[in-house]
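Okay, structure first, notes after.
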Amino acid sequence: MNDYKHIQQKLGQFIKRYHTNELIKGAILFATIFLLYGIITLLLEYFLWLNELGRSILFWLFVSISFLLLIRFIGIPLFKLFKFKKGLDEKEASSIIGAYFPEVGDKLTNLLQLAKNEQKSDLLLASIEQKSLEINPIPFHLAVNFKANLKYIKYVFIPIGIILLFWASGKITWFSDSYNRVIHYQTAYVPPAPFQFVILNDELTAIENEAFNLRIQTVGEVVPEDASIVINDESYYLQKKADLTFQYTFNQPKEDLTFKIQSSDVVSTPYRLKVIKAPKILNFKLNIDYPAYTNKTDETLESTGNITVPEGSRISWEINAANTKSIQFITKDTVVSFAAKEKLFTYNKTVFSNFDYKLSTNNESLKNYEELGFSVKSEADQYPKINLKEVVDSTNTETIYYLGQVSDDYGLKKLEIVYYPTNQEEAKKALILPVKKANFDQFYYTFPSGLALDDGVSYSYYFSITDNDPFRGGKKTKSKIFSYNRLLQSEREQQQLDQQRNSINNLDKTIKSTEAQKEELNKMLRLNKEKNNLNYSDKKKLENFIQRQKQQDQLMKKFSKNLEENLNDFEKEADKNEMNELLQERLERQQKELEKNEKLMEEIEKLSEKINKEELTKKLEELSKNNTNNKRNLEQLLELTKRYYVSSKTEKISKDLNELAKKQEELSKEKIDSLSKNKQQDIEEKYDNIKKQLDELEKENGALKKPFELERDKNLEQQTSDDLKNAGDEIQKQNNENAKKSQQNASQKMKKMAKQLSMSMQGSSTESLNEDVEMLRQILDNLLQFSLDQESLMDRFYNIEDDNPNIANYLKRQNDLRALFKHVDDSLFSLSLRQPKMSEVINKNITDVYYNIDKSLEAFAETNYYIGVSNQQYAITATNELSDFLSDILDNLQQSMSQGGGQGSGQEMQLPDIIQSQEQLNQQMQEGMQQQKEGEQGKEGEQEKGGSEQQNGNTLDEQMSEELYNLFQQQQELRQALEKQLNNKKGEGKSGNEEQLLRQMERIENDLLEKGFNNETLQRMIRLKHQLLKLDDATFQQGENKERKSETNTKNYTNNLQNQTPDIQQYFNQVEILNRQSLPLRQIYKRKVQQYFKTDD
């Protein structure tokens, strides 16, 4: 039993050791949790800065939790240790020991159960003793290991480390301050400000009206997110900078002010900003007195100190300032004070050079407070500038057009063209050209108009512009030097002939190309009639045709224009020629017809886009008529121009032969010297050149439809060549007598050749005229017969029925009449190739006859007899108009044949009679226009009505045509009467106004034929009457005193300058020219404008 008791004793020791171990473990855990919870509590108080209630809850919560932790981890283990509370019993202890010692297992538990058995048998006791003896050696206390609690000690170092960390960082006061507030939770505490405001500016002093930047820094543990400034009870946010400072700008402070800074509940002490009055300029003016030579008006500039003025200008500065004691004028080497009078400060200075200056303001508080920097530029008078554009006339290389732009900074004085024979500058001459007295002008000049140039001399020339600089006597600028070779008269004529030949060749090629275009047009007409709708391919063909037609019209227009200009040059160089004038007039009218064709092409193009089939067909037929007319006109013009070219060239060769003969005759009278051989050789070369021209003339004459019968004696030409050669040989041999004889023979033979050419041309013209008159008579007879037959045939168709068996015969008769008219047409066309008086009016009538006959045949084929008869009537009207016109031409030709045979016996019309007759013609024109207007209104219902109403419309048209032609004849008679009156003036020629008056009457005649009754022609006739009245008044004044004699302008002077004519302007691109004199620009802007015009191209 002793062993059992010993085991019981060991169990009691084990239980005591077990509870001691629990107490140690609880103490470690309590310390850890207590410290951590205390740290959390103190930090909560530090950051939350709780009030009394919050701190009371925090304190008692801490106490309560700490007490509970103390009971749990220390009190309970201690009570069990001292057995104030039931702790571990022997059975629970035996289980722990059995689990720790495997050899014990359940033995100790079984032993305790056997010992508690109340039936104490020997066997039981023996068993208890035996088991006790087995267990007794085992040390039960080893089942409780105190070292196992060491793993909980590391948790204690966590709060201890936190406390040491705060201590090391110097923030241990966080715990102490919070501990005091928590312990004394009933005491009220005010939290301290986390930061303070510090002004970083050295002085709180601002300048009036100048921005003042206030810089603020916060000192403390906290940097506020924002802050504001309070001024006069108004709050404004401060601007936070990257360096954690704040800034506020006082914009233009005017008076002292008080402010304070605040952020949340933190408010600074009040501060005061002191404001100093600053000197300031209220008004700034510059009074500029310009020198007289600039012609500039004195001016005043405000609010600017930078200025550019002409040299010698006097500038006066006037400044109004406030809070200012003095103002200084500071330059590079001087400082001058303004004169002061109250608030006005003044200073004067005359400018001769460029300089920079400053204006400095001062008062008692601020010295050199404000320095304003400016500059003054003095401009010396610049040289004038001249820019030229040069264009050579394409039809006359001796005519050169110039477009010039001249400019100067202050004014132009003189523009001139200076010319002199090349390498003889000492013989230079000048022609003054008009120029505006402004600082810019544009001029046109046609060289060599107004210049006295000698033929065959090479000239140099340039343009010179002079400005109005008085100090330097006017500065000049010259253009580049141009060269010009003045041709001899014969060379100019030859050049014109060559140009005319080129124009003829170009026009000839263009006319030949019209045949293909005509075929294409006929195809388009057939295509448009045969198809109801044009497909894409057909439309493309029509589009291509329109483009080719436009190109062809442009070529014709271009070559016609060149030909007209060339003929005009011929008229300038030579005496007036009737054929030349007629050709020019026809070419001018042809130009208008081509322009009408262009408009018609535009209409066709629009119709082709709209697919208006009927209108398109109508316009294409009209185009076909126009093309036929134009082709005939151009063929006639071409042949007439060729004839004129041949006659002009013949005349020129004749003239050249006479001049060469004269030169040879003069050389024969000179004494033979060293230069004689060269002079004779020059004549021989020129004669060889004339022979070549004669060969060319013969070919060109042979190419005419009806060549002139030019007489050319080849033997005489060869004899002349031999005489010229012999003269050269004799000169070389120094045989004066034989040389002179050969020269004289050559001279006489060249004169004879010239006379033969001239006479043969005159004889051929006379013979041709006789033939033309006879042919024209025959044509008129045929036309009369055609008209009668056509009218008879029209009468038969007028009342014809559909079942008339003679319709086929009538149609055959109509075709026969058309063939008859074709013979008349061929004869007229052949005649028109020789007679320029056969104008395009004839071609128009011929085309109308063909057109209306063809239309009548189409109408008869469709049994539209009324329409066919109407077309026949139009054909008869055109035939009658053609007959009347040809009859007048015949009268003119016969008058030309009998010219010089007498003046007639009738009484001549005087100028008052002519004026009265013109007034009557004007009234007839107005009546005719009214009738035409009524007739057009009556025709509007013509297609809806038939029978007699259509016949009445045709009769009206015929009547109107007859009245128009009578009006034309009367107007022509008035012109002839006026021309006779002007020619009969004693000792006087026709003036320029009288020539213009006659041309105006001729133009009215042409308008009557071409345009009929229209308002434009009427207005021309009214203006003509006024011109006649002026002429009558001038004639009356001259006749008042027969003894009066004008002595003014006894010298003949012609102003040939052509500076501003529209003819020149067409050679240059027209740009808008800015007249800078008319704009009130400052000098700097004037220079910019000038620079713009320089670089505009």
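Here, each number is a calculation from the coordinates, and none is a lab measurement. What you see is a predicted model; the values in this text were computed from it and never measured. Cβ atoms come from the backbone with ideal geometry, glycine included; neighbour counts cover every protein chain shown.
Sorting the segments 374-383, 423-432 by their mean number of nearby beta carbons within 10 angstrom, highest to lowest, gives 374-383, 423-432. Taking the fewest neighbouring Cβ atoms within 10 Å as the starting point, the ordered list for 436, 1030 is 1030, 436. Highest-first packing order for the peptide set 474-480, 320-326 is 320-326, 474-480, based on the mean count of other beta carbon atoms within 10 Å. Our note on the geometry: Cα centres of region 44-98 and region 1005-1033, 139 Å apart.
Applying a DSSP loop filter and a limit of 16 other Cβ atoms within 10 Å to the GluC sites (Glu not before Pro) in region 235-304 leaves 255. Model label points for residue 355 and residue 147, set 7 angstrom from Cα along the Cα-to-Cβ axis, are 10.7 nm apart. For the peptides 815-825, 340-350, the ranking by packing is 815-825, 340-350, with the highest mean count of neighbouring Cβ atoms within 10 Å listed first. Computing Rg and the Kirkwood Rh from the Cα coordinates of region 660-777 gives a ratio, Rg/Rh, of 1.14. Find which of 284, 320, 307 sits farthest along the positive direction of the dipole of region 280-379, computed with +1 on the beta-carbon of Lys and Arg, -1 on that of Asp and Glu, about the Cα centre. Of 284, 320, 307, it is 320. Under 16 Å from a point placed 7 Å out from the Cα of residue 685 along the Cα-to-Cβ direction: which residues of region 717-746 have their backbone N that close? Taking a point 7 Å out along Cα→Cβ of residue 685, the residues of region 717-746 whose backbone N falls under 16 Å are 725, 728.
Put simply, the C-alpha atoms of region 392-487 give a gyration tensor, and the ellipsoid matching it has half-axes of 26, 16, 9 Å, longest first.
Panel order for 285, 844, by other beta carbons found within 10 Å of each beta carbon, from fewest to most: 285, 844. Dipole check for region 392-487: with +1 at the C-beta of Lys and Arg, -1 at the C-beta of Asp and Glu, and the Cα centre as origin, the magnitude is about 320 Debye. Across region 366-381, computed HN-Hα scalar couplings (Karplus, 6.51 cos²θ - 1.76 cosθ + 1.60, θ = phi - 60°) run 10, 10, 6, 4, 10, 10, 9, x, 9, 9, 10, 10, 9, 9, 6, 4 Hz from first to last residue, x flagging Gly and Pro. Modelled spin labels at residue 737 and residue 430, positioned 7 Å past Cα toward Cβ, are 6.0 nm from each other.
Compared with the direct C-alpha span, the chain from residue 1023 to residue 380 gains 225.8 nm at full extension, assuming 0.36 nm per residue. In this simple spin-label model, placing a label point 7 Å from the Cα along the Cα-to-Cβ direction at both residue 177 and residue 195 gives a separation of 1.7 nm. Each residue of region 782-799 was assigned a 3J(HN,Hα) from its phi angle through the Karplus expression (A = 6.51, B = -1.76, C = 1.60, θ = phi - 60°), giving 5, 5, 4, 4, 4, 4, 5, 5, 5, 5, 5, 5, 4, 4, 5, 6, 4, 10 Hz with x at Gly and Pro.
Between residue 269 and residue 300, the FRET efficiency from the beta-carbon distance, with R0 = 56 Å, is close to 0.55. Amide H contacts of residue 210 (H built 1.01 Å from N, in plane; Pro and chain starts excluded): 252 sit under 5 Å, all sequence-distant by 5 or more or on other chains. Each eigenvalue of the Cα gyration tensor of region 282-373, multiplied by 5 and square-rooted, gives one semi-axis; in descending order these are 26, 14, 10 Å. Considering only 403, 481, 466, the residue lying farthest towards the positive end of the dipole of region 392-487 is 466, judged by Cα position with unit charges set on Cβ.
Gain on full extension, evaluated as 0.36 nm per residue between residue 48 and residue 782 minus their Cα-Cα distance, stands at 250.6 nm. The HN-Hα couplings worked out from phi for region 692-700 by the Karplus form 6.51 cos²θ - 1.76 cosθ + 1.60 (θ = phi - 60°) are 5, 5, 5, 4, 5, 4, 5, 5, 5 Hz, whole numbers, x standing for Gly and Pro.
Too long at a 19 Å Cα-Cα cut-off: which of 413/478; 699/755; 16/91? Exceeds cut-off: 699/755. Taking each residue as 0.36 nm, the span from residue 365 to residue 673 lengthens on full extension beyond its C-alpha to C-alpha distance by 100.3 nm.
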